[in-house]
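Engineer: Dumping the structure here so I can ask a few things about it.
The values are calculated or read from the model by the stated rules, or taken from the named source; none is laboratory data. Computed from a prediction, not measured in an experiment: that's the story for all the values here. A quick note on method: Cβ atoms are made from the backbone with ideal geometry, for glycine too, and the neighbour counts reach across all protein chains shown.
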Amino acid sequence: MTASPKRVVLAARPHGEPKTSDFRLEDYAMPVPGEGEVLLRTIWLSLDPYMRGRMNDAASYSEPVPVDGVMEGGTVCEVLASNNPGVAKGDIVLAHSGWQTHAVVDGKLVRKVDTGLGPISTAVGILGMPGMTAYTGLLDIGQPKEGETVVVAAASGAVGSAVGQIAMIKGARAVGIAGGKDKCDYVKNELGFAECIDHRDPDFAAKLKAACPDGIDVYFENVGGEVFEAVFPLLNFFARIPVCGLIASYSDTADSTPKWAGKLMRTVLTKRLLIRGFIVRDFANRRGDFLRDMSQWVKEGKVKYKEFVTEGLDSAPEAFMGLLKGKNFGKQLVRIGADKV
Ligand SMILES: NC(=O)c1ccc[n+]([C@@H]2O[C@H](COP(=O)([O-])OP(=O)(O)OC[C@H]3O[C@@H](n4cnc5c(N)ncnc54)[C@H](OP(=O)(O)O)[C@@H]3O)[C@@H](O)[C@H]2O)c1
């Protein structure tokens, strides 16, 4: 007999950092696909920082997860049954079916994974949403040029590691920022960034300045907070800042404006800085270019990636809370089921 399906729901809205009691693991009846729908078995669940925002009941670019609702998330799944002519039983698909072992979704909302491009987990990693975020944010907004300095934080992570490597492919000098010696060693020695500075180092700001003797031309913003404060004075004239994420403040509770916000905007004006926020789906029309280039770079070894895997759906809440504190070392994934059953 197969075990009953399991899912993780939002038990309560967190105040500040999420805690274990904000999540609940529960059983549910195996769903049955209706007309046009497919039944999915989850193989990989992607954990991503944006999920913290979905736990709040606040206006954002997407709807919040309702209390008692299934936690949202990108998945790689096997199709167990299909009532949709475009999807076949046995297909491996990319879905947004959330933190659960099985789901029924509209067949129009899944996308077949090209299993020839790499391991299927990469469909939610380097060849998926995080990789495409790095590709579009850096190339379309950052526009790095030969010899320029590109700085990115969370540099060993899913997005940041790709940003620095793409910058190097474009002839720029990549400087990473990461938490701790192991991550910095990986970024510098294995990924080939020119430098990587530990943001927890008491001399972080001075070391970042020394690592960027010609200033910063592109700052790919992943974290905000104190990291941005150290980057800010080093920005060159006409620097570009793709604002991708602000993970340092995702669990903030006070709605305060930083004291130096006025100075920031004055510098935007005088140094003619380009700061542009973006959500990866803004660049949906670049998906073909992204998959072509990134899969080629990965094959050629020009872009390396690291996965950080925890086992089983019940590990997801702990793994997610760890992601927000930098406990992950690489793209955070949860293995939900075997590739084949
Ligand atoms: N705009 C979009 O469409 C889009 C799409 C995907 C991701 N994002 C954003 O991109 C960023 C990176 O996401 P990811 O999926 O690649 O995650 P990730 O880098 O794999 O993991 C998150 C990392 O953030 C770092 N971090 C956490 N708190 C920090 C703090 N206070 N100061 C400095 N670093 C901190 C940690 O790395 P260290 O240990 O190295 O500090 C942690 O490992 C996030 O802000 C995310 O929200 C945006």
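Engineer: Please go through the range 282-328 and give me each residue that is part of a loop (DSSP other than H, G, I, E, B) and aliphatic (A, V, I, L, M), ordered by number.
Structural biologist: Those that are part of a loop (DSSP other than H, G, I, E, B) and aliphatic (A, V, I, L, M): VAL303, LEU324.
Engineer: Quick one: ARG41 ticks every box in (1) over 23 Å from ASP114 (Cβ atoms); (2) assigned to a strand (DSSP E or B) bar one, so which box is it?
Structural biologist: (1)
Engineer: Which ones in the range 25-37 are outside any loop (DSSP other than H, G, I, E, B) and in contact with a Lys or Arg (Cβ under 9 Å, 6 or more places away or on another chain)?
Structural biologist: Matches in the range 25-37: LEU25, GLU26, ASP27.
Engineer: Every residue in the range 234-249 that is within 16 Å of the ligand (Cβ to nearest atom) and surrounded by fewer than 20 Cβ atoms within 10 Å (Cβ to Cβ), please.
Structural biologist: VAL243, LEU246, ALA248, SER249
Engineer: Any residue in the range 316-325 that is under 28 Å from GLY180 (Cα atoms) and among the acidic types (Asp, Glu)?
Structural biologist: Yes, because at least one residue in the range 316-325 is under 28 Å from GLY180 (Cα atoms) and among the acidic types (Asp, Glu).
Engineer: Hey, can you tell me all the residues within the range 8-50 that are buried (at least 19 other Cβ atoms within 10 Å of the Cβ) and among the hydrophobic types (A, V, I, L, M, F, W, C)?
Structural biologist: Residues satisfying the conditions are VAL8, VAL9, LEU10, PHE23, VAL38, LEU39, LEU40, ILE43, TRP44, LEU45, LEU47.
Engineer: Turning to a different aspect of this structure: Given the condition outside any loop (DSSP other than H, G, I, E, B), under 19 Å from ALA103 (Cα atoms) and of a type in the set (Lys, Arg), answer yes or no: does some residue in the range 46-59 qualify?
Structural biologist: no
Engineer: Quick one: is ALA162 in contact with a Ser or Thr (Cβ under 7 Å, 6 or more places away or on another chain) and under 25 Å from GLU307 (Cα atoms)?
Structural biologist: It is false that ALA162 is in contact with a Ser or Thr (Cβ under 7 Å, 6 or more places away or on another chain) and under 25 Å from GLU307 (Cα atoms).
Engineer: Let me ask something additional. Taking the criterion of being modelled with pLDDT of 95 or more, loosely packed, with under 15 Cβ neighbours inside 10 Å and among the small types (Gly, Ala, Ser), would at least one residue in the range 251-272 satisfy it?
Structural biologist: Checked the range 251-272: no residue is modelled with pLDDT of 95 or more, loosely packed, with under 15 Cβ neighbours inside 10 Å and among the small types (Gly, Ala, Ser).
Engineer: Residues that are surrounded by 23 or more Cβ atoms within 10 Å (Cβ to Cβ): list the strands (runs of 3 or more DSSP E) wholly contained in the range 117-222 that include at least 3 such residues.
Structural biologist: In the range 117-222, the matching strands (runs of 3 or more DSSP E) lie at 149-153, 173-178, 216-220.
Engineer: Sticking with this structure for a sec: Could you list, ordered by first residue, the pairs with Cβ atoms under 7 Å in which the first is in the range 206-229 and without any contact (Cβ under 8 Å) to a residue 24 or more places away in the chain and the second is within 16 Å of the ligand (Cβ to nearest atom) and of a type in the set (A, V, I, L, M), at least 6 apart or interchain?
Structural biologist: LYS207/ILE197
Engineer: Within the range 91-141, which residues are free of Cβ contacts under 8 Å to residues at least 40 places away in the same chain, farther than 18 Å from ARG281 by Cα and within 16 Å of the ligand (Cβ to nearest atom)?
Structural biologist: none
Engineer: Moving on to the next point. Would you tally the residues in the range 260-281 being in a loop (DSSP other than H, G, I, E, B) and either free of Cβ contacts under 8 Å to residues at least 60 places away in the same chain or away from the ligand (no atom under 15 Å from the Cβ) (or both)?
Structural biologist: So the answer is 4.
Engineer: Modelled with pLDDT of 95 or more and within 11 Å of the ligand (Cβ to nearest atom) - does that describe any residue in the range 291-300?
Structural biologist: No: the range 291-300 contains no residue that is modelled with pLDDT of 95 or more and within 11 Å of the ligand (Cβ to nearest atom).
Engineer: Just checking, how many residues over the range 65-90 are part of a loop (DSSP other than H, G, I, E, B), under 23 Å from the mean Cα position of the chain (by Cα) and in contact (Cβ under 8 Å) with a residue 40 or more places away in the chain?
Structural biologist: 5
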